[in-house]
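Down below is the structure, laid out as structure tokens.
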Amino acid sequence: MEDPAAQQRALAEGNKRVMQEAFLMKRATDASDTKSAFTHAGNMLKELKTTQLSPRNYYELYMKVLDELRHLEDFFTSQNRQARQPMVGLYEQAQACTMVLPRLYLLNTVGACYILSQEAPARDILKDLLEMTKGVQHPMRGLFLRNYFSHVTRDKLPDAGSPYEGDGGSVDDSVEFVLENFVEANKLWVRMHGQKGPSKDKKRRERERKDLRLLVGTNLVRLSQLEGVDGAKYKTDILPPILEQVVGCKDTIAQSYLMDCLIQVFPDEFHLASLEAFLDGVCRLKEKVRVRPVLESLMERIGNYVGEHPDALPKDVDAFRLLNDCVTRLVSERPKLELSEIILMQVALLQFASQCYPGRLEYINHCIGVCGRAMVSRGFEPLTGGRPARRDLPLECIEALLRLLSIPLKSLGLGVLSLAEYIDLLHFLPWESQKQVSLELLRSVLSKESALSDLDCVDRLLGMIAPILKDPPNGERGDGDAAMQAAQEEERRLVARVVHLMRNEDTDCYFRMLVVARRHLGQGSPSQVQYTLVPLVFRALGLARTIRAAEVADEEQAAAAETAAAAAAAASAATAKAEAEARATADAAEGGVNGGSGGGADDDGDADGDATNGGENGKEGEGGSDETEAAAAPAEGDEDSGETVAPAPAPAGESPATGAEGAGDDEGAFPPVPPAAAAVARPRQFSSRKVYQFLHEIVTAMAPLHPWVSLSLFLQCAIGADRTGFKAIAYEFFSQAFILYEDELSDSKAQVRALVSMAGTLLSCEGFDPVDYDALATKTAQYAAKLLKKPDQCRMVTLCSHLFWSPDEAAPGRRDARRVLECLQRSLKIADVCIAGGVNAQLFIEILNHYVFFFEADNPEIAGRYISGLVALIHEHVDSLDPSDARTEMERYLNNTLDHIRRKKEQADLPESLGKNFAWVTI
Amino acid sequence: MASRRRALLKIIILGDSGVGKTSLMNQYVNKRFSNQYKATIGADFLTKDTVIDDKLVTLQIWDTAGQERFQSLGVAFYRGAEACVLVYDITNPKSFEQLDSWREEFLHQAAPMDPDNFPFVLIGNKVDRESERRVSRQRALQWCKSKGSTPISYIETSAKEAVKVEGAFLEVVQMALINSAQQPPEIYVPEPITLSQAQTPYQSQSSVDSMCC
């Protein structure tokens, strides 16, 4: 019956009659009128004969009746206990009801009380009840009646420890009865499938039939509740007849549901004890039954259990093998099984293996391998070499593969890199999905926070995450919307963090890791490298520092030995030099030191003049040839001995530029790192100089695409080189930054930012020889003077004045009072030109502050009268402005400055005041 | 009603899958606990006779499937319950968060006469795993306070170690007794009977009906 309103009416009427009769029944029980109680109970039960109701509504009515029958049960029991009425009499009275269905309900009600009274063996009563229950063959009514049998006998089955055990029967009897009830219920249920009716109602009938499944499954619950059943009994007496019924009923719905029930209601130990039989049952299910969810829930259940109780796995059961055999059999016997289902079964198996057999990598490899072969057998192939897929993998297969690949990631992390088949399977996925797995791998690596110290591991890891680094093969990487950009940012951040995990005590190995990382990261899309290579640069700078510290320690040791030798032999400077050369040659012979580290190094070699090839050759063909090595190596020796050689203060961008370009081109294909020598206590293979060469190459390669980032990095490298005592290399890095400034930075804002960086970096470099410093400072000041916008020019020239007045009084060649004044005077001139909108007044005040600074810093060229004059000039300018916010602002700035000067003047009265000169300033 | 008859009370236990509903019931009724996990499908019940305030009471305690897929016939058995026990697992915050939906579902389906004062008891189970606790007592009490004018009673139990299980059910039964005394679940007024229309004895009543089944 379809009409819900009619259903509700029928249900309401049924309910009402049940209430009516229940009322009369309870009145009869209150009056201890057994006969009348039977009558009304029978009338109430008559309502269950209805054919009007859907299963759910019938269930509602049934529950109502059940609630009322509790009172009847209670009445019978008290009649028996208090009124000494024998149960057998009540049992016979119930049989007198002429209507079959009510009679059977009544018999079950009385029967339950009869068992409770123990006036007859439970076994006999149960047998009788079951026998009579067969009388109802209408599927729905029969199912509910059997459910009622199960309901009233719930706690009255003979069972281990129950009062009905012994004379009443044994647990085996109970097993038999419940199994019989189960089998009969299932038959009724399956029979509904064949029910005739209009085909338009088929869907509804199917749904209603599914609703009734609970009534069949309840019997399995009953079996699982028997205390007297253990794993062994389950295996021999319970599972086989159930499977026989399930397999034999040949009903798709029943098979899926009952297998699920079996898994859920029986405890894990039972499943482990009977795995083989259960799996055999799975294989014998109809082909239409979806076996994957069945196996999935079995494996999930056992896997969780064994995961928590590792000892639970029986020694004599190879669960993995059994499950794997079952899966293999299913795949071979069911050609229609979809690829995604096959993969998902492997997902479940893999999950199971990782829970039950942690550390058994061969199991993981096996599952992954099976999937790979299944893919191939269905005509899919890995996407290698950037080829697009011939046939798109169905979405559900992609999702299944992603799940499969993520399981070992969680348990093994980086360990997946050692799984031979893992990467192969990964390549079946489309690019985006490969990327997803790569990201998950990175997150897993990062979450473990363990250092990456194995060269091979770094190589494979970075190889695997290629989909993050590179553009997709079909070139579809739009910059996209904000969400996509955020995702990309996150990706780059992950890569950058992984780069920072790399470290190794062995500097040679560490360097090789950086080289390998550089190779992988460098293959990334041009837009990526500016994010991924930056952390690498900083790692390399750190490494250079570490190596340098070790080198200095070595050298000090050697120097101590030398001094001793020199004292003994009265060595001359020439001898020392010869020794230095000898050492360098020895280094070169070892093949590790590569002198082609850029123009700076070669300039040293050039000036030294004793290299085999000389500077010219070095400039033309660097790139790590052996000749230049020899040229560079003595330079190192020279630096060590403290000899300073002035490099040609070539206009930046000429000879170093050619040199750098040469280096960039030649080193694009970085020479493969020679394998590590296995010798114990082998000498250091890679010098700090070599690391700088590496840095030079990386930053140079980035430069054309990302000039601003590269410029900043060159400056960072310059500081690094300066701090580690490589003034020539630092000079070279500066030169490269200058070249970029000249050739690539056209935006004036970027130019200003770059100049600030360059001036700041230059000031903090301490090792330059005066001539070199002067060359770089002059160049910077020239750039400042050439800026496009006058105010920028003015401010930067002012800034550059500081380059000629080092805070360190003792710094050689870093204080030139005259040039400071020149800079300031020049900026005043420029400021004078900027008259628009009172900009010049603002600039004047700024310059004034610098004057005051230098005046305080005892710069002899900055006379007090300059300040007095400038203050007067500013007053004049400010006074000429119309009142405005800008003017107010300027006045405030000026007054603050003047206040400062006044304070200094007051302090000038004190004899020990540093600012005594201020007495001469008038404002 | 005759006083010799016992009070029959129906109590429903609700809560997420795996919080220990069946274990609580088994511990209370059979004094047994098993570590084996067996999912409940549909609904199941146990009965227990007990004496409260000199009154004989038969409890019918309904244990329900926490997983919805196992309730294929709906939850008609909620009807007629005198009290409802909500259970969550103190080590599982999700089971706590689900309490509202269990409570609402119960009130909706059972449709008691006075939903605001329907007796609920909240049980926080698994205190034997105190070290893994993830829902504080305070939070649970707060929840109890927020439900209606009279706060819901809250008891923390361990079905495994039989901690406070008896007490928790005693509380439930007392509340159920008060509830059933105050509001008889269904007031049925029989239709007036005319004296000429005597009740027919059932033996002779419906020979036609008995033809089927």
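The values are calculated or read from the model by the stated rules, or taken from the named source; none is laboratory data. Keep in mind it's a predicted model, so treat the numbers as computed, not measured. Glycine gets a Cβ as well: all are built from the backbone with ideal geometry, and neighbour counts include every protein chain shown. These area figures cover heavy atoms from the full protein model, side chains too; ligands, DNA and RNA do not enter into them. Shrake-Rupley method; radii C 1.70, N 1.55, O 1.52, S 1.80 Å.
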In square angstrom, rounded to the nearest 10, how much accessible surface does A:Lys187 have for a 1.4 Å probe? 100
Net charge near A:Arg512 (other residues with Cβ under 12 Å of its Cβ; Lys, Arg +1; Asp, Glu -1) is -2
Just list whichever of A:Lys16/A:Lys187; A:Lys448/B:Lys126; A:Lys749/A:Lys786; A:Lys156/B:Lys164; A:Lys156/B:Lys31 have alpha carbons separated by over 23 Å in the model shown. A:Lys16/A:Lys187; A:Lys448/B:Lys126; A:Lys156/B:Lys164
Suppose R0 equals 25 Å. What FRET efficiency, 1/(1 + (r/R0)^6) with r the Cβ-Cβ distance, do B:Arg134 and B:Asp100 give to the nearest 0.05? 0.90
Separation of alpha-carbon centers, the range A:713-738 and the range A:388-422, rounded to whole Å: 45
For a quick check of understanding: with a 1.4 angstrom probe and all protein chains in place, what accessible area in square angstrom does A:Val878 have, to the nearest ten? 0
Here the gain from full extension of A:Glu809 to A:Ser418, 0.36 nm per residue of separation minus their alpha-carbon distance, amounts to 134.8 nm
With labels modelled as points extended 7 Å from the Cα through the Cβ direction, what inter-label distance (nm, one decimal) is found for A:Asn895 paired with A:Glu338? 8.0
Under the rule of at least 5 residues apart or a separate chain, name every residue whose amide H is placed under 5 Å from the amide H of A:Met502. A:Leu452
Search the structure for amide H atoms under 5 Å from the amide H of A:Arg815, placed 1.01 Å from N in the peptide plane, and list their residues when 5 or more places away or on another chain. A:Ser806
So, in nm, how far is label A:Ser297 from label A:Arg84 when the simple model puts each one 7 Å beyond its Cα toward the Cβ? 5.4
Pairwise label distance in nanometres, A:Ala566 with A:Val317, each label 7 Å out on the Cα-Cβ vector: 8.2
Distance in Å, no decimals, from the C-alpha centre of the range B:27-59 to the one of the range A:844-898 is 93
For the range B:81-89, 3J(HN,Hα) per residue [Karplus equation, 6.51 cos²θ - 1.76 cosθ + 1.60, θ = phi - 60°, Hz, x = Gly/Pro]: 6, 8, 7, 9, 9, 9, 10, 9, 9
For B:Gly15, the residues 5 or more places away or on another chain with a placed amide H closer than 5 Å to its own amide H are B:Val87
Rounded to the nearest 0.05, what FRET efficiency do A:Asp3 and A:Leu705 give with R0 = 56 Å and r taken as the Cβ-Cβ distance? Could you check? 0.15
When the Karplus curve 6.51 cos²θ - 1.76 cosθ + 1.60 is applied with θ = phi - 60°, which whole-Hz ³J(HN,Hα) does each residue of the range A:86-93 get, with x for Gly and Pro? x, 5, 4, x, 5, 4, 5, 4
Solvent-accessible surface (1.4 angstrom probe) belonging to A:Asp124, in square angstrom, nearest 10: 80
